Every structure is written in C-alpha cells, then in structure tokens.
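Participant: First, the structure itself, so that you have it in front of you.
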Amino acid sequence: MGKNYINTCFDNSSDNELLNIGNIAYSNLKGNKYFNFLDGQLESFNNDIVSFTNAKAKCENGGKVEIVAKNLARTKLLETTSIIAKVVNQQAGGDLMILKSSGFPTRKEAENYPEFPAPTSLKLKSGLAHGEIVVDIPVQRNTRVYSIYHAPMPAPENIKEWNNLLSTKHKTTISGLTPGTQQAVRAGYLGTNGKINLSDVFTIFVQ
C-alpha cells in the first residue's frame, strides 16, 4: 500500500462522528466502481449503521438495558467499519483519488471541511481528440475530491441520471462523447460530510 491511506480504527470517534463516517462511507461505496465487496457485505454495514442509529435514539430516554444495547450496537458498527476501511485500503493501493471516492477521510486530512459552496463558474473547452471536452473547475485546495456531472442535452432533470466523474484535479478531460452533440456539465466539491453543492448548468458543443 502507498503512503496514502485511510484510518481503520474509529474507537475515539463520538457516537455522532461514527454514524457520520459510516453513513458517508456507505453512500459513497454503494455502486462505487473502484471497490469489490463480498456479497452482502455493504448491506451488513448499512444494517449495523441503522441498528446503532436506532439504539442510540432509544438510549436517550431509556435505562440500563437501552444503554447496554447501544454500546453493543456501537461495538458492532466499529468492527464492521474497520473491516470495510481495511478493504478500501487494500483495494485502493494508495491511490488518493480512489481512497477519497470511498467517502472515508484520509489520514492527510487534518482539518474538517464539511461542505463547500457551489462553483460559480466552469470553463469548458474542446479536448485534443474528437469527442473530448475539458472541464476546468475553480481550484478549492481543501476539497477531498472534485465531482463532475455531465449529460447530453436535453439533460435529465434527475441528477442521478447524469454521468458522474470523480477527480482529485480541478481540470479533467471527458472522452468518448458524440461529436456534434451538446453536453451539459455541472460540478462541485466534496466535503467531509459527503455533501456536494453543484454549480449551475454549463453547456458546450462536442467537436
């Protein structure tokens, strides 16, 4: 494994911090093309997150039984989160972009930046080859990763139906597009809470 990696021990995290880490990681790992998990492994991870969330809620107005149940659920989630994080480290091979796409904070992220405002502008231009466009996003040095969405016009209203590309660089080339078509592009910065505020739609004709 390279010098870049994520934490695999979360014992010192508060209950809320642990849930935040788990929810962001699960959201980013579900359908992530960079990672392969055992059948049912991510579902079990999500079940442990839900179980701890429910146990924590019951504990707020409960007694000793509820406290014990919450502590057991926390221990289980800690174990599962650690296992998932180890898989991420192993399969990412030290690649910073792949590590960041997991949603886990990397060891280099000493400061916490929950979310960033949406970019106010995007620079779009044709690439060197046919079917390529270059997306230039204003630099945000504290972001974990740049997230780019693109779709042919007329673009779907649901952003989940757009193509999504993650990059650790502010300037990214998108290839394989159909020349002569108009492409819609939106982009944003990924914060430590997993939220991305996307820019307005910018368009370009593919050459």
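Throughout, read-outs are computed from the coordinates displayed, never taken from laboratory work. The structure displayed is predicted, hence computed values, not measured ones. Reconstructed Cβ throughout: ideal geometry from the backbone, glycine too, with neighbour counts over all protein chains shown.
Participant: Quick query: amide H of residue 168 versus all other amide H atoms, modeled in the peptide plane; which residues come in under 5 Å with a sequence gap of 5 or more or a different chain?
Facilitator: Those lying under 5 Å, H to H, from residue 168 are 146.
Participant: What is the stretch 123-205 by shape, rounded, prolate or oblate, if you read a ≥ b ≥ c off the alpha carbon gyration tensor as root eigenvalues and call it rounded for a/c under 1.5, prolate for a/b larger than b/c, and oblate otherwise?
Facilitator: Judged from the Cα gyration tensor, the stretch 123-205 comes out oblate (a/c at least 1.5, b/c at or above a/b).
Participant: Rounded to the nearest 0.05, what FRET efficiency is calculated for residue 57 and residue 161 with R0 set to 41 Å and r the Cβ-Cβ distance?
Facilitator: 0.75
Participant: Please report the spacing between the Cα centers of the stretch 70-101 and the stretch 1-63 in Å, no decimals.
Facilitator: Their Cα centres are 8 Å away from one another.
Participant: Let me ask something additional. Report the Cα-based extents of the stretch 15-101 along its three principal axes, largest first, to the nearest Å.
Facilitator: Principal-axis extents of the stretch 15-101 (Cα, largest first): 45, 24, 17 Å.
Participant: Where Lys and Arg each count +1 and Asp and Glu each count -1, what net charge lies around residue 66 among other residues with Cβ under 10 Å from its Cβ?
Facilitator: In short, +3.
Participant: Work the Kirkwood hydrodynamic radius out for the chain: mean of 1/r over every pair of different alpha-carbon atoms, inverted, in Å.
Facilitator: For the chain, inverting the mean 1/r across all distinct Cα pairs yields 18.7 Å.
Participant: Provide the gained length on full extension for the span residue 120 to residue 17, in nm with one decimal, where the gain is 0.36 nm per separating residue minus the Cα-Cα distance.
Facilitator: Using 0.36 nm per residue and subtracting the Cα-Cα distance, I get 34.0 nm.
Participant: While we're looking at this one, here's another question. Gaussian network model of the chain, Cα springs within a sub-10 Å range: biggest mean-square fluctuation belongs to which of 36, 164, 12?
Facilitator: Per the Cα network of the chain with a 10 Å cutoff, 12 tops the list.
Participant: Now, a different point. Residue 42: net charge of surrounding residues, Cβ under 13 Å, Lys/Arg +1, Asp/Glu -1, itself excluded?
Facilitator: That sum, taken over residues with Cβ under 13 Å, equals -2.
Participant: Out of the GluC sites (Glu not before Pro) in the stretch 109-187, which ones are loop residues according to DSSP with at most 11 other C-beta atoms within 10 Å?
Facilitator: When the GluC sites (Glu not before Pro) of the stretch 109-187 are filtered for loop state and at most 11 Cβ neighbours within 10 Å, 111, 157 remain.
Participant: Still on this structure, please answer the following. Among the lysines, which have Cα under 26 Å from the Cα of residue 33 when same-chain residues fewer than 8 positions away are ignored?
Facilitator: 3, 86, 100, 108, 160, 169, 171, 195
Participant: Something else about it: How would 59, 9 line up from fewest to most surrounding beta-carbon atoms within 10 angstrom?
Facilitator: The fewest-first ordering by Cβ neighbours comes to 9, 59.
Participant: On to the next question. Pull up all non-local amide H partners of residue 5: gap of 5 or more, or a different chain, and H-to-H distance under 5 Å with H placed in the peptide plane.
Facilitator: 107, 108
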